[in-house]
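**Student:** Structure in structure tokens, see below.
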Amino acid sequence: MIRRILTDGIGEFDLTRLDVYRARGGFQALHKALTTMSPQDVFNEVKTSNLRGRGGAGAGAAFKWSTLPEDGRPRYLILNGDESEPGSFSGRMLIEKNPHLVLEGALLAAYACKMARVFIYLRGEFHEGAQILTRAVAEAREAGLVGPRILGSEFGVEVVVHRGAGAYICGEETAIMESLEGKRGHPRTRPPFPTASGLYGMPTVINNVETIANVVGIVANGGAWFAAIGPEKSPGTKICSVSGRVRRPGNYEIQMGTPLRELIEEHAGGLEPGHQLKFVLPAGASSALVLPKDLDTPLDFDSMMSIRSMLGSAGMLVCDERDCAVHVAYLGSRFYHHESCGKCTPCREGTGWTERVLHRMEHGAGRPGDTERLQALCRGIGGRKCLCLLGDFSVTYLQSALSAFPEEFVAHEQGGPCPVAAAVEVANR
Amino acid sequence: MALDAREATDIIGRYPSPRSALLPLLWLGQHRDGYVTEDTVADVALRLGMAVAEVESVLSFYSMFRRRPPARCRLEVCRSLACAMKGSGEILARVQEETGVGPGESSADGAFSVEVVECIAACDHAPAYLFNERMAGPLTPEKALELLRGEGEGRR
Amino acid sequence: MSSAPPAAGAAPAAPPPTTVNCTINGQPCTFPRGTLIVDAVRQVGRNIPFYCYHPKLAPVGACRVCMVQVEGAPVAARGPIVTTACTTPVFEGLKIETMAEPAKLARKQVLEFLLINHPLDCPVCDKGGECDLQDFTLAYGPGVSGFAETKVHRRKADDLGPFLVLDQERCIMCQRCVRYENEVLGEFNLVLKQRGDHTVIDTGQGEPYAGHFSGNNTELCPVGALTSRTYRFKARPWDVRAVPTVCQACSLGCNLNAQMRGDAVVRLMLRDNMALDGGWLCDRGRYGFGHIRSERRLTQPMVRRDGRLCPVSWEEALRVAAAGLQKGAAVLGGARLTDEEALALSELTRMALGTNDVDWRVGAQAFAAPEALGLQGAEVTSIDRADLIVLVDTCLAEEAPVLDIRLRRAARKAKVVDLGPVRNMPVGRATRVVAAVEDLPRQILLLAPELRAAQAPLIIWNGRGSQELVDAVAETGARVLVPGEFSNARGAEAAGLVPTMLPGYRALADGHELAALWGGTPPATAGRSAREILAACRDRKIQALYLVGANPLRTFPDGRLAREALDAVPFLVVQDLFTTESAEHADVVLPALGPLEKEGTVTGLSGVRQKVRRVTAGPGEARADRVILSQLAEALGRPLRGARPEVSDRPVRLELPMTSAVHAAPGLRVVVAGQLFAGGGTAAFDPNFAPVRGDPQVRVHPQDARGLASGTRVHLRGEDGVVKLVLRLDPGVAPGHAVVAAHDFGSNQLGPWAELEAAPAQAAAGVGAQ
Ligand SMILES: Cc1cc2nc3c(=O)[nH]c(=O)nc-3n(C[C@H](O)[C@H](O)[C@H](O)COP(=O)(O)O)c2cc1C
Ligand code: SF4
Ligand code: FES
């Protein structure tokens, strides 16, 4: 089974060094593309590969690229390295440990889409990642891999590493463009969609860092090779970030379609000794929880949808019997309240309201009716009433927790101490 | 103090529109002075042809820009899901108990400060933290106190 | 990309139809393509609530309250969805349901969210009774709120400068104000700060609001977050009635509604005239009603006795005035009267005083209608259509402020050249050509080829200048717009309040044409211009001077001549609203009514005549100028006929008054520039403007500052006098120039050249101690 495509060599070699990366076959794909393939050929391989976006929604990469209008205006590529979803940290590994792969993928995508400039938007907290990536770009530029006339060809591209400054919303595709334009990160109304009118009003493609990193293998080995890995409709591998109550938290690249159970029990070493799985948040704080009964679900976009959750960016937060569903909801609501950009009313006001209710419940000041109130809040905020999906994200876990663990919410309504914590205490005695 | 003109021009030159250099220039100022000074705001506004008010507006949206001189040792502890589950709240409480400095506060002598931040994409090292901008984890109460005393570095 | 799916319009299909058909609540309707659902719904008379949407601003889709249910491709191809009406255009076949349950529910939820952090202080809120939040909550909101948490607390009743009060707790984040600042003004006097539910509206660094158009925010704000200080706790919407009228603070004539409580004006509000004011007011127009109650208003006729002005009856005052004027009088003023009053003054001068010694030009403006000089006039909307606009020594933002909003919009696509000694548009918005006043004709000629080559060239010029400048402008073939220094200069000019022309741009020689109307033929010899009249007064060649709404001591460019003239003239009658500097010299004072206190018409800068309404009675015994003029004419034994002559079919060209040649002298060349709140009309006497007027300033280029810093007190020493001012260093001023505010008292008392000196130490210490 092919497992490690993107993470191959990480941990064994210092891939941040251009010579090391090249010695392991790095930039062969770029060389191949520039010497033997037209942009259309590269595009076709990506199309054949059926690569789907790793940033969350699983949109077809080639489809997104194909919506670029052919009108001669400059086009831009933005690599989304904002990675702020609680529980996701796979992009950070790619950026810090395999920066040249990300860069090579970006160059290939720019070649396919005939773009002259690539922006790599990193969240502000990636101080180190930004340094590593900037150094990698400089090194590549020295070697004639970035800038005009790459590898002696007619193709040239500029790469700009751009840092955010602390705002989850800037991972949203239109907010990222606003932020890159030097503005507040407020999402824009759609249409127009970014491929029609994006950064500076120009056609723009926004892809996740991991999506783009996959393009290297696709060009090197062909789209058909990639399409044959894993399930037909979600081919390839996915780097899953596993955190929480497992023995070995970390990033694990798995073939799409690998069961969730295998990821948790084998790769991540299973639950901490003596504890039982209670639920998993498979796509960070914004996904509906997965109960133990669904642990055999294959990890791919469609299978995860079929259990009413999602693969998203595969930031897997594993919770055990010590984790009260209300507590986790409170932590999530605090996050979304802090990160709402403040533009839309339901999200701006609703996330704060939700946090305040959960805060009370969490601190022994629950009141009768709180559960119902939370349900009403979920309905008021969710349902695509907002400009971007942050509003919906903020209630997805809560809604699923309310239906999976109603008794925990009801117990907190009474205003007493947390029953889950009490049970843990008894067990520890 | 104005920003280094060569560096600023270089940054602005990377972008099709000067205004895109806003965040990078603010970072430049914050790196030099430890925080974004009024001078930096004025200088950036001038260089990018923006109103000072516009710069202030954008600046205040992003949580990482500081407007006051920072403490010498800055501990930023993640409070998001994985880290909170692994006890970052308890560590903060313990730090407050021992030093009297709670989240969002600085020690009276300005030697150190304690902040909370949302998920910093280091959940595998939960409870994760940034010490003087360096990402590390897991944090323990002892480690936190040691860092705040200025002994030792954030290490992964 | 060739593998792209065939786009809908990929084939060379027929151009898409310009209208689309859809249904609203089942009713079929047709709209132009691109119409937003929110506008479509309103056009068919249905209501939906909205906060962030405003027809004068671009949609943002922020408040999410304008939810409607739609069904149909491409937005809702797979069944009905709820969406925002303000960001979705109508599509062919779209079914819109405004009252569908899901839409109603969504609106209710949004309203509930909006209320959670909003204070429940409607009874003490100035917006109470006209608040969209109040109204929509009643119509669409939840009955009771389930919110039982503590509200977020923010700054309340914050004074943002002299006019605006901000209550951050009441703000619902519709962003109308910050979008208006940015989209309409291109300014950032208000911005968003922080994020999420901590977001607030604020000025950039907590400084006072700095722009000239703050008041519009109070009408854009759908709730009571931004309100007017002058209106605070003054009235309730249901106690006031609105009287439509026209602003007379400058020559533009923006339309407004005066809101009255009893006989008191409580506020002035927009009455959109898109072709004229574009739906905006400036703060001088909006807040300039405080003069009605100014302490310096004249309320009684007065006559000088034993050196003192003593109150007398109207009969007495008119009798004394008539007796004095009969000895041979000249007349100055009239450019602040209505059209009808200006005509009455013209008739009185010609027929009762028997002279052509009359001139409205008591300031620096030399003409009002470009047509009067053989130039081609323009409309206000010419600005929108122009591709090249040259500003000649003109600062619209100060002189006809609302026109500047139009210019800013035009400047996004048209080229704007800012020509003159002072920068009048911000850096980057216009091409700056520095030119001394004397150099303007040459500079215009240099621009002439470009102007002639333009599709729709426009010159905006303050109307100051010489025949040479007129000839240069004529050379360009451009249309001309003149925002002058007096509100009804065009009306005065048309009424013949000039020494060389009779009403209707009629030659003096054609006076017989007026015989039937006026019952006699006016004198045919040319009269004296304002400068000549003042010189004659100084030289005691004129026995009496009649000032009608004119204060040459403040406005006449040669202040020394004005001072000497008023000191020397044996008999002075002043008819005005205020105890002006000139009124203090008067032998007879006749108190007149002001702009909001009388009926008539006024002629704006583009020649459009508009009706003004009497909205309030005015103070004391003051009378309308028209009444005073006809009573004075009677006292003079020659009652007015008061007819309006037709415009002459053989109009003559206006003769420009002589300007004295300026010889080079040491020091800085003194130039005056318009300044919004300094103006010599009602603004100078309006207590509402006391906080913004500030100390009189002189602006010089930093290289002329002689080491003095901005903000220091300085003396400007000219040949004719010394004036104390506050120094401002301004790189927008041409080197070698000292810019003082037009109509600011003292600015005309220097002479053409002056030296800058530090004020004596004592005065400086006084500043430091403040
Ligand atoms: C609130 C919000 C936050 C998001 N954050 C991220 C992020 O941090 N990283 C990311 O790649 N995509 C993020 N997305 C998804 C992006 O909008 C976008 O769909 C994605 O970057 C597209 O890349 P892909 O097609 O390669 O998956 C976010 C979306 C929303 C609504
Ligand atoms: S849903 Fe929330 S984060 Fe997204 S645009 Fe609206 S307010 Fe901002
Ligand atoms: S009016 Fe449509 S979202 Fe505010």
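**Student:** Calculate the spin-label point distance for residue A:248 paired with residue C:139, positioning each point 7 Å from the Cα along the beta-carbon direction, and give it in nanometres.
**Tutor:** Distance between the two pseudo-spin positions: 6.4 nm.
**Student:** Build a GNM of chain A with springs between Cα atoms under 10 Å: which of A:58, A:25, A:342 gets the top mean-square fluctuation?
**Tutor:** Checking each option, the largest mean-square fluctuation is seen for A:25.
**Student:** I'd like the mean, over residues of A:122-134, of how many other protein chain beta carbons sit within 10 Å of each residue's own Cβ.
**Tutor:** Counting other chains' Cβ atoms within 10 Å and averaging over A:122-134 gives 3.
**Student:** While we're on this one: Helix-only estimate, please: 222 nm mean residue ellipticity of chain C, summing -39500 (n - 2.57) across DSSP H runs of length 4 or more and dividing by its residues, to the nearest 500.
**Tutor:** -5500 deg cm²/dmol
**Student:** For residue C:663 paired with residue A:367, estimate the spin-label separation in nm (one decimal), with each label point 7 Å from Cα along the Cα-to-Cβ line.
**Tutor:** 8.7
**Student:** Something else now. Test of understanding: ordering A:66, B:20, C:710 by Cβ neighbours within 10 Å, fewest first, what list do you get?
**Tutor:** Taking fewest neighbouring Cβ atoms as first place, the list is C:710, A:66, B:20.
**Student:** Here's another thing I want to ask about it. On average, how many beta carbons from a partner chain sit within 10 Å of the beta carbon of a residue in A:238-244?
**Tutor:** Average neighbour count from other chains, rounded to a whole number: 4.
**Student:** Then there is this: Provide the FRET efficiency to the nearest 0.05 for the residue A:48-residue C:33 pair, computing r from the beta carbons and using R0 = 41 Å.
**Tutor:** Calculated value: 0.60.
**Student:** Want the number for residue A:14 to residue A:131: 0.36 nm per residue separation, take away the alpha-carbon distance, what's left?
**Tutor:** 40.6 nm
**Student:** Taking the Cβ-Cβ separation of residue A:376 and residue A:116 as r and a Förster radius of 51 Å, what is the calculated FRET efficiency to the nearest 0.05?
**Tutor:** FRET efficiency, residue A:376 to residue A:116: 0.50.
**Student:** While we're here: Peptide C:63-72: average number of partner chain Cβ atoms within 10 Å per residue?
**Tutor:** 2
**Student:** Just want the ordering: A:4, B:68, from fewest to most Cβ atoms lying within 10 Å of their own Cβ.
**Tutor:** So the ranking, lowest neighbour count to highest, is B:68, A:4.
**Student:** Another question, if that's okay. If you wrap a convex hull around the Cα atoms of the protein assembly as shown, how much volume per residue is inside, in Å³?
**Tutor:** Cα convex hull per residue, to the nearest whole number: 204 Å³.
**Student:** Now, a different point. Kirkwood Rh over Cα pairs of chain B into Stokes-Einstein at 20 °C, 1.002 mPa s: D in µm²/s?
**Tutor:** In µm²/s, the coefficient rounds to 127.
**Student:** Quick one: which of A:233/A:293; C:56/C:413; A:238/A:343; A:183/C:95 span more than 26 angstrom between C-alpha atoms?
**Tutor:** A:238/A:343; A:183/C:95
**Student:** Something else: Between residue C:516 and residue C:272, what length comes free when the chain is fully extended (0.36 nm per residue of separation minus the Cα-Cα distance, one decimal in nm)?
**Tutor:** Once the chain is fully extended between residue C:516 and residue C:272, it gains 83.7 nm.
**Student:** Between residue B:149 and residue A:232, how many nm apart are label points set 7 Å from Cα along the C-beta direction?
**Tutor:** 6.5
**Student:** Which entries in the list A:32/A:114; C:327/C:541; C:104/C:127; A:47/A:114; C:234/C:598 go over 19 Å, if you measure between the two C-alpha atoms of each?
**Tutor:** Long pairs (Cα-Cα over 19 Å): C:104/C:127; C:234/C:598.
**Student:** Return the percentage of antiparallel bridges among DSSP beta bridges fully within chain C, rounded to the nearest 5 %.
**Tutor:** 60
**Student:** Give, as a single signed number, the net charge of other residues whose beta carbon lies under 9 Å from the beta carbon of residue C:217, with Lys and Arg counted +1 and Asp and Glu -1.
**Tutor:** Local net charge: -1.
**Student:** For chain B, set up a Gaussian network in which alpha carbons nearer than 10 Å are linked by springs, and say which option among B:131, B:112, B:61 fluctuates the most.
**Tutor:** B:61
**Student:** Right, next: Take the Cα of residue C:431, step 7 Å along the line toward its Cβ, and report every residue of segment C:448-477 whose backbone nitrogen sits under 12 Å from that point.
**Tutor:** C:448-454
**Student:** Same structure, new question: Counting other beta carbons within 10 Å of each residue's own, what order do A:176, C:542 fall into, fewest first?
**Tutor:** C:542, A:176
**Student:** Something else: Sketch the reach of a paramagnetic label on residue C:706 as a point 7 Å from Cα along Cα-to-Cβ, and name the residues of segment C:717-740 whose backbone nitrogen lies under 16 Å away.
**Tutor:** Within reach of a label on residue C:706: C:717-729, C:736-739.
We did not get these values from a lab; they are worked out from the coordinates using the rules stated. Bear in mind the structure is a predicted one, so any value in this text is a computation, not a measurement. Don't worry about glycine lacking a Cβ; one is built from the backbone with ideal geometry, like all the others, and counts go over all protein chains shown.
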